[in-house]
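These notes concern the structure reproduced below.
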Amino acid sequence: MVWRGVVGETVMAEARGIECAGDVLAETLTVVRASCDANLVRAARAFDARLEEVSEQLERERSALRYDALHDQLTGLPNRTLLYDRLIQACAGAERNGRPFAVLLVDLDGFKAINDSLGHRCGDLVLHDAAARLIGALRESDTLADSAGTSSWRC
């Protein structure tokens, strides 16, 4: 609105300088106001579109950070933090519903020897392949997690 006022005042000052007819000035001011308003609306729409775009990008980045914070980088499996959260939920559900749940610990025998003799790249491939095979055997409601280095845990 300030811009429209400044432009209108400038037009009126110029019109006085050239002794413009009143009806021509009135019509010019109407056109100038409409033009300024249209530009303001265009600018507001562009701002809103950019704000929505940035908000969506921010949400994607937040989601990626949340995923990275709760999953193992190599296997994509839930990490210890997410595993503990799921165990706490399972314990609470078991107490509430009186229904047990099970935890199965899988250890890869000889894994250290693979890493030592064939290298970490090969060890990473073994972990990735083992995770993929185990994921294929689970139900959607099950949790498979990378709990490397996890100490004993109790409900």
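Listing for the model above:
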{"read-out": "Unit charges on C-beta of K, R, D, E only; dipole of the range 1-108, Debye", "value": "520"}
{"read-out": "Theoretical ellipticity at 222 nm over the chain - DSSP helices of four or more residues, -39500 (n - 2.57) apiece, nearest 500", "value": "-24000 deg cm²/dmol"}
{"read-out": "Shape parameters for the range 75-136, alpha-carbon atoms, Rg then Dmax in Å", "value": "15.7, 49"}
{"read-out": "Nonlocal amide H pairs with His71, under 5 Å, H built at 1.01 Å", "value": "Asn79"}
{"read-out": "At R0 = 41 Å, FRET efficiency that the Cβ-Cβ distance of Tyr84 and Ala38 yields, to 0.05", "value": "0.10"}
{"read-out": "Rounded to whole Å, sorted largest first: equivalent-ellipsoid semi-axes of the range 2-68, Cα gyration tensor", "value": "47, 9, 5"}
{"read-out": "Span from the the range 23-78 Cα centroid across to the the range 82-138 one, whole angstrom", "value": "42"}
{"read-out": "Farthest toward positive dipole pole in the range 2-68 [+1 Lys/Arg, -1 Asp/Glu at C-beta], among Gly8, Tyr67, Val41", "value": "Tyr67"}
{"read-out": "In Å, descending, principal axis extents of the Cα set of the chain", "value": "97, 47, 25"}
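Values in this text are rule-based calculations from the coordinates and carry no lab data. A quick note: this is a predicted structure, and the numbers were derived from the prediction, not measured. We place every Cβ from the backbone using ideal geometry, glycine too, and count neighbours over all the protein chains shown.
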